[in-house]
Amino acid sequence: MKEQLKMAVVGLGTWGENHIQIYQDDPFVTVTAVCDQNPERAAGVAEKYGISQYYTDYEEMFDKADMDAVAIVTPDFAHKDIAVSAARHGKHMLIEKPLATTADDVRVMVDEINRCGVRAMVDLHNRFSPPFHAAWQSIRNGNLGEAYSGYFRLNDIKWVATDLLPWAAGSSILWFLGSHSLDTLRWLFQDDVVRVYSVSRSGILKGMDVDTVDEYMTTLEFSRGAIVQMENGWITPNANPCVNDIKCNIMGTKGMISIDASNHTMIQEYTENSVRVPDVIVSNKIFGRPKGFAYDSIRAFTDCLINNREFPVSISDAANTTLTLLAIMESAGTRMPVEVHGLYPVNWKSGTP
């Protein structure tokens, strides 16, 4: 067991600051350095959280800072070069989802991480969601028989693409939410997707000056025969009480599980002008401390490093999710089924939650 883990963070937007807060909440973790290409932001975040070292160049940080591991919290298309550099400097890494956005980047990252002997995990946090973990456990216990078919909807309101993410036009709802959807389904079915057929539609967000696809509707065929419909979009009206609209149904040969993770009645707030459903599950604060499953996945990375345990999401897991999402994009472009190739072996029987 390692007594103290020294972490660094690259990318200091909202989620990068969340990483810092989570690490600083852990008595066994110290944040020793931060990095952002914006010098004012790097200096400001370092001062805000009492971190002595800040950088605008991650190569310089890897060369000079005293650190064991790094969290890569940059936009989804900007992971590869940082991850390769971290591996070559012998740093373990937690990479925000998705692993990468091209097949070449995936293979370079996986090869370099394995060659350098460092440990890496991708933050696909829906495995830590209480209702989905309960579903996973029920399926593992055999309560549903064989997981036979399913449906998964994970959508965002327009605000995410128009306001939250300044880089939304350079990304895709498949990278932003489809990565969580697909990883959750692969995990629940304990299987990989071998064929996809997807259609997409554009227009609403482009009319709002965000040049990206509005939504994807995808059929997934798993290697053992299961068929699942997956829906991802970011055109839900902004007045939706939750940022996410998330529904899931898993049909087994002996039973069924149905999940509605966005519309709950645990707490609802009504005023003369609005209805609000406060987030008490995903990422909230209790007495100022970061709580919720989106934070627990980040904690799992440091816990596993400190205690030398297996990561909840293997690098092969994350690579297969990216390769399958690329096949979905290809299918949506051609309006034809696409086979998923180049998948990495995954040990589904490891028992990791």
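The values are calculated or read from the model by the stated rules, or taken from the named source; none is laboratory data. Source: prediction; values computed, not measured. Ideal geometry is used to build each Cβ from the backbone, glycine not excepted, and the neighbour counts take in all protein chains shown. Calculation scope for accessible area: heavy atoms of the full protein, side chains included, ligands and nucleic acids excluded. Shrake-Rupley method; radii C 1.70, N 1.55, O 1.52, S 1.80 Å.
Tell me which residues come under 5 Å, amide H to amide H, from T212 once H is placed; ignore anything under 5 positions away on its chain.
Answer set, sorted by chain and number: K206.
Just to confirm, what accessible area per residue do you get for the stretch 140-207 at 1.4 Å probe, in whole Å²?
Heavy-atom SASA per residue in the stretch 140-207 reads 37 Å².
So, R0 is 41 Å and r is the distance between the beta-carbons of W348 and E40; what FRET efficiency does that work out to, to 0.05?
In this case the efficiency is close to 0.35.
How many times 2.2 N^0.38 Å is the alpha carbon radius of gyration of the stretch 152-226?
1.23
For the chain, which longest stretch is free of loop sites, where a loop site is one of the GluC sites (Glu not before Pro) that DSSP puts outside H, G, I, E and B and that has at most 10 other Cβ atoms within 10 Å?
For GluC sites (Glu not before Pro) (loop position, at most 10 other Cβ atoms within 10 Å), the longest site-free span of the chain is 4-271.
Put +1 on the Cβ of every Lys and Arg and -1 on every Asp and Glu Cβ in the chain; which of I315, V106, L188 then has its Cα farthest towards the positive end of the dipole?
Of I315, V106, L188, it is L188.
Mind checking the stretch 277-353 for trypsin sites (Lys or Arg not before Pro) that DSSP puts in a loop (not H, G, I, E or B) and that have at most 14 other Cβ atoms within 10 Å?
Passing sites in the stretch 277-353 are R309, R335.
Please report, in whole Å, how far the alpha carbons of the stretch 107-235 spread along each principal axis, starting with the longest.
47, 39, 29
Take the Cα gyration tensor of the stretch 1-113, multiply each eigenvalue by 5, square-root it, and list the three semi-axes largest first, rounded to whole angstrom.
Equivalent ellipsoid semi-axes, largest first: 22, 16, 13 Å.
Could you give the size of the charge dipole of the chain about its Cα centre, using +1 on the Cβ of each K and R and -1 on the Cβ of each D and E, expressed in debye and rounded to the nearest 20?
920
Does anyone have the angle between helix 130-140 and the longest principal axis of the chain? Alpha-carbon axes, 0 to 90°, nearest 10?
60
Looking only at chymotrypsin sites (Phe, Trp or Tyr not before Pro) in DSSP loops with at most 14 other Cβ atoms within 10 Å, what is the longest site-free stretch of the chain?
1-166
If you take the Cα Rg of the chain and divide it by 2.2 N^0.38 Å, with N the number of residues, what do you get?
Taking N as the residue count of the chain, the ratio is 0.98.
Rounded to a whole number, what % of the accessible area of the stretch 157-249 do carbon and sulfur atoms account for, probe 1.4 Å?
Solvent-exposed carbon and sulfur of the stretch 157-249 make up 53 percent of the total.
Starting from the Cα gyration tensor of the stretch 213-346, take the square roots of the eigenvalues, sort them a ≥ b ≥ c, and report rounded, prolate or oblate (rounded when a/c is under 1.5, otherwise prolate if a/b is larger than b/c, else oblate).
The shape class here is oblate.
Among K206, K64, K247, what's the order by accessible area (1.4 angstrom probe), most exposed first?
Highest to lowest solvent-accessible surface, that is K64, K206, K247.
Based on Cβ point charges of +1 for Lys and Arg and -1 for Asp and Glu, what charge dipole magnitude is obtained for the stretch 258-345 about its Cα centre, in debye rounded to the nearest 20?
Magnitude of the dipole: close to 260 debye.
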